[in-house]
Amino acid sequence: MLIDSHCHLEYKGLVEDQQGVLSRAREAGVGGFLNISTRKSEWDQVVGTANREADVWASVGIHPHEADAHAELDVMALRQATENKDVIGIGETGLDYYYEHSDRETQQRLFRMHIDVARETGLPLIIHTRDAEEDTAAIIEDEMGKGAFPALIHCFTASNAFGRKMLELGLTISISGIVTFKNAKELQESAAEIPSDRLLVETDSPFLAPVPHRGKSCEPAYVANTAEFIAGLRGIEAEELAEQTTANFRQLFKKAAL
């Protein structure tokens, strides 16, 4: 069994046929889905799907692109949202300097706020980082010094050095279908070397469909293609990788077992 550790089931491309999407994934051997939120207006819908579907869980958080629109977010609202039985993670949050959709200081402040709630609740932090390796690493290291918190880097595409730093700080790393792209050589090197107990797989659907589906709207079923490709990089059977990443997910997202 595989778990898609990061998908957006409420996004255009999936939500129109959500039951079909879930059915196709289950037929492909996907036994769990973490449905990710990126803005407060999505929380009810994301959590509602998790409440309705026994194999779907939810996260609550604010994507760095949405930081300016949530500059006045009440930390109590985030804390209260985590109390739902099917909310097992916080995010996605983090820093994105590629598009500059939100002020960098606002992104950083909200990132630290999410970390505070992750530390308080014990729920894993789901981190997005793009073109912001230095600041992301500095904030995580600084905040870890104030008290440890569980966390993962989702859709890892950063440098090998950044990946090693995240592993040193105790984080888990999740790999998406980007690893199957022909030009993703450094990412393939990272995927081959991540310790077996610190690795997750995801689709980030409806984005980033892996080979051989590249160019299509991505679906959680395609996590099987990504997992098979990573297993090949690591010289193991796909079944072994599925078993290990599922165990890693349940070890990190402990609330999923409740």
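Go ahead and run the numbers for FRET between Ser217 and Arg26, Cβ-Cβ distance against an R0 of 22 Å, rounding to 0.05.
Taking R0 as 22 Å, the efficiency between Ser217 and Arg26 is 0.75.
Any idea what the relative contact order of the stretch 2-257 is, in percent, if you count C-alpha pairs under 8 Å spaced at least 6 apart?
RCO, the stretch 2-257: 20 percent.
Select from Phe162, Phe111, Phe33 the residue whose mean-square fluctuation is largest in a Gaussian network model of the chain (Cα-Cα springs shorter than 10 Å).
Phe162
Tally Lys/Arg at +1 and Asp/Glu at -1 over every other residue whose Cβ is under 9 Å from the Cβ of Arg119; what's the total?
-2
Among the GluC sites (Glu not before Pro) within the stretch 16-116, which fall in a DSSP loop and have no more than 10 other Cβ atoms within 10 Å of their own Cβ?
The qualifying sites are Glu72, Glu83.
Can you tell me how the stretch 204-254 classifies by the Cα gyration tensor, rounded, prolate or oblate, using a/c under 1.5 as the rounded cut?
Values: a/c = 3.19, a/b = 1.37, b/c = 2.32.
Oblate, because a/c is 1.5 or more while a/b does not exceed b/c.
So what is the calculated 222 nm ellipticity per residue for the chain, using -39500 (n - 2.57) for each DSSP H run with n of 4 or more, over all residues, to the nearest 500 deg cm²/dmol?
Using -39500 (n - 2.57) per qualifying helix, the result is -12500 deg cm²/dmol.
So if I place +1 on the C-beta of Lys and Arg and -1 on the C-beta of Asp and Glu, and nothing else carries charge, what would the dipole magnitude of the stretch 116-258 be about its Cα centre? I want it in debye, nearest 20.
Numbers: 14 positive and 22 negative charges, 54 e Å.
The calculation lands at about 260 debye.
Taking the stretch 168-258, which chymotrypsin sites (Phe, Trp or Tyr not before Pro) meet the DSSP loop condition and have no more than 10 other C-beta atoms within 10 Å?
Here no chymotrypsin sites (Phe, Trp or Tyr not before Pro) fit, given the DSSP loop and packing criteria.
At a 10 Å Cβ-Cβ cut-off, how would you order Trp57, Trp43, fewest neighbours first?
With the fewest neighbours first, Trp57, Trp43 line up as Trp43, Trp57.
Using 7 Å Cα-to-Cβ label points, what is the Asn183/Ala148 separation (nm, one decimal)?
Result: 4.0 nm between the two label points.
Please count, across the chain, the pairs of lysine residues with Cα atoms under 21 Å apart that sit 8 or more places apart or on different chains.
Going through the chain pair by pair, I get 8.
Rule-based calculations on the coordinates, nothing more; no lab input. Quick caveat: nothing in here was measured; it's all calculated off a predicted structure. Cβ: placed from backbone, ideal geometry, glycine included. Neighbour counts: every protein chain shown.
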